[in-house]
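Quick notes on the structure that follows.
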Amino acid sequence: MYSTRTPPEFDRFLHASVGEDRNGYAVTVLSALARLGLDPWEETAELIALRRDDARARLAALLARFRDVTALASDHGRVARDLSQLLPDGRTSGTLNRTASTAAGDHPGKRGAIWTALAIIFVLFQMFMVGGSGSDE
């Protein structure tokens, strides 16, 4: 789902062409990812979070699955290499990293809240078990 918090750095990558479909229309990364049933902004955020080589490999695997552009069948590796160069470098910008992780659904503090809730449940369980074991005598 598109968010107004999506950084403009995603645009260059998402609007890059992956080739022409069978009807002669230009297909962008954005439309290719959407046609694969993926959220283009989330996928871009996840690619940014990876090392460049890992992002290239993941993108190549995605493009290999994409059948609407026939030229990708034999050339998906080169296209993925070229497209991966358009990905913003997430390691250079803390703001971009936070925005990318939010776009990918990783909300800041969410993990901390889950661990806190689990710790409280564990403590309550321990109190119940210790309190309940003394009443058997």
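The values are calculated or read from the model by the stated rules, or taken from the named source; none is laboratory data. Since the structure is predicted, the reported quantities are computational estimates derived from the model, not experimental observations. With ideal geometry, Cβ positions are generated from the backbone for all residues, glycine too; neighbour counts draw on all protein chains shown.
Of the residues that make up segment 41-59, is at least one free of Cβ contacts under 8 Å to residues at least 12 places away in the same chain and either in contact with a His (Cβ under 9 Å, 6 or more places away or on another chain) or more than 25 Å from D89 (Cβ to Cβ) (or both)? Within segment 41-59, none of the residues are free of Cβ contacts under 8 Å to residues at least 12 places away in the same chain and either in contact with a His (Cβ under 9 Å, 6 or more places away or on another chain) or more than 25 Å from D89 (Cβ to Cβ) (or both). Within segment 66-89, restricting attention to residues that are part of a helix (DSSP H, G or I) and small (G, A, S), which residue is surrounded by the most Cβ atoms within 10 Å (Cβ to Cβ)? Applying the filter and picking the extreme gives A80. Looking across E9, E20, E46, one residue alone is among the acidic types (D, E), in contact with a helix residue (DSSP H, G or I) (Cβ under 7 Å, 6 or more places away or on another chain) and modelled with pLDDT under 95. It is E9. Among the residues making up segment 38-64, those that are farther than 16 Å from L14 by Cβ and of a type outside the set (A, V, I, L, M, F, W, C) are R51, R52, D53, D54, R56.
Scanning segment 103-116 finds one or more residues that are under 14 Å from the mean Cα position of the chain (by Cα) and either in a helix (DSSP H, G or I) or at pLDDT 85 or above (or both).
Counting the residues of segment 36-65 that are under 15 Å from D82 (Cβ atoms) and either touching a strand residue (DSSP E or B) at 6+ places or on another chain (Cβ under 7 Å) or not in a helix (DSSP H, G or I) (or both) gives 1.
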